[in-house]
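These notes are about the structure you will find just below.
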Amino acid sequence: MLTLTKSLFALMIGFIITTLFGLIMIPILKKIKLGQRISIYVESSHKKKQGTPTMGGLIFLIPTFITTLILLFMNKIEYSTNLLIVLFVMFGYALIGFLDDYISVKFKRNKGLTELQKLFLQFVVALVFYFLFLRAGGDSILKITFLNIEWNMGWFYGVFILFMLVGTSNAVNLTDGLDGLAGGLSAIAFIAFGLLSWGAGWLEGYQDIAIFCFVLVGSLMGFLVYNTNPAKVFMGDTGSLALGATLATIAILTSHELSLAVIGGVFLIETLSSIIQLISIKYFHKKIFLIAPLHHHFEKLGWSENDIVKLFWIVGFILGMLALIYGVWL
């Protein structure tokens, strides 16, 4: 009961602070004219969204950081290297996303940082992650429990960390194409990882990481007050990159790397749809989907934005619960 109470309290605090913070931040983002530029590929259906403030990830990231720090100073949660890793990765990827968004808006183009610049910055974050991870006593073993396999990856585990961070952050970024879609799916995913973290009793700071997850869930719910259709603000790369990298970080720390593929199954499907489309066009000169990623394909089929988001949320919820049933119960 205490665990449930702590989780709900963390969620409630995150929600309240973010909802109030959004009232302050959205007018500021509008005033400094940080408007979203719409891709030419979906301009016809999303033209009305042109100019909607972006960088809205700050609305849930800043309250999450502040709430976590307040809980630390009040001794409601304890400092651990693992919690530091989570906060560092979230801050690092938020900064990368912020730079990407700012350059995009500043120079009025759809792309900000170059792919090489992004990869270099992500490599630096992964390197610090790996260093702190080893200092905290982490090992380089990838465990596949349902196959009873343990693979000691050695130094290659650092490359694996980079792959997880880059892959998941870009998957969430790809999914962030409809109002509320990435935010809602991320909230569902962090609920699942919050519960999985509560069960990782062998991990230093597992309770604090779980509480952090629920603070972030509450913050995302507060953000959705402004991000659901019609969105008053978009999270931008600032939010999506930070969310994806943080998901990957918690999956690695709790040894649920493969569970991430299920919990974040919708993110994975969205990414695969884009990859399949690119391969098909390049090598077979034909499209599999009307447009990729998958949520835009449904739009082209005539589905309403709200119906697509609700369907994807439901699928995400079912996948998250299936992963929990296996990871906690079976």
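At R0 = 25 Å, how high is the FRET efficiency between Leu84 and Lys106 if r is their beta carbon distance? Nearest 0.05 is fine. Given R0 = 25 Å and the Cβ-Cβ separation, E is 0.20. Count Lys and Arg as plus one, Asp and Glu as minus one, and take only other residues whose Cβ is under 14 Å from that of Thr228; the net charge is then -1. Subtracting the Cα-Cα distance of Glu204 and Lys232 from their residue separation scaled by 0.36 nm leaves 6.1 nm.
Other residues lying with their Cβ under 15 Å from the Cβ of Ala94 contribute a combined charge of -3, Lys and Arg counting +1, Asp and Glu -1. As a calculated quantity, the FRET efficiency between Ile16 and Leu119 at R0 = 45 Å, using C-beta atoms, amounts to about 0.75. Shape call for segment 61-140 from the C-alpha gyration tensor, a ≥ b ≥ c root eigenvalues: rounded (a/c under 1.5), prolate (a/b greater than b/c) or oblate? In terms of gyration-tensor shape, oblate.
Apolar share of the accessible surface for the chain: 70 percent from carbon plus sulfur atoms, 1.4 Å probe.
Roughly speaking, what is the centre-to-centre gap between segment 120-178 and segment 236-301 when only Cα atoms are used, to the nearest Å? Between the Cα centre of segment 120-178 and that of segment 236-301, the gap is 17 Å. Computed from the coordinates I sent, mean projected area of the Cα convex hull in nm² equals one of (1) 17.1; (2) 22.4; (3) 15.2. Tell me the label. Derived directly from the coordinates: (1). Annotation: per residue accessible area for the chain equals 49 Å², rounded to a whole number [probe 1.4 Å, protein chains only]. Only Cα pairs under 8 Å and 6+ residues apart enter the sum, and on that basis the relative contact order of the chain stands at 26 percent.
The simple spin-label model puts a point 7 Å past each Cα toward its Cβ; for Trp155 and Leu301 those points are separated by 4.8 nm.
The values are calculated or read from the model by the stated rules, or taken from the named source; none is laboratory data. Note that the structure is predicted; figures quoted are calculated from it, not measured. When we count neighbours, we look across all protein chains shown, and the Cβ atoms used for this are built from the backbone with ideal geometry, even at glycine. The area values use the complete protein model at the heavy-atom level, side chains included, leaving out ligands, DNA and RNA. Shrake-Rupley method; radii C 1.70, N 1.55, O 1.52, S 1.80 Å.
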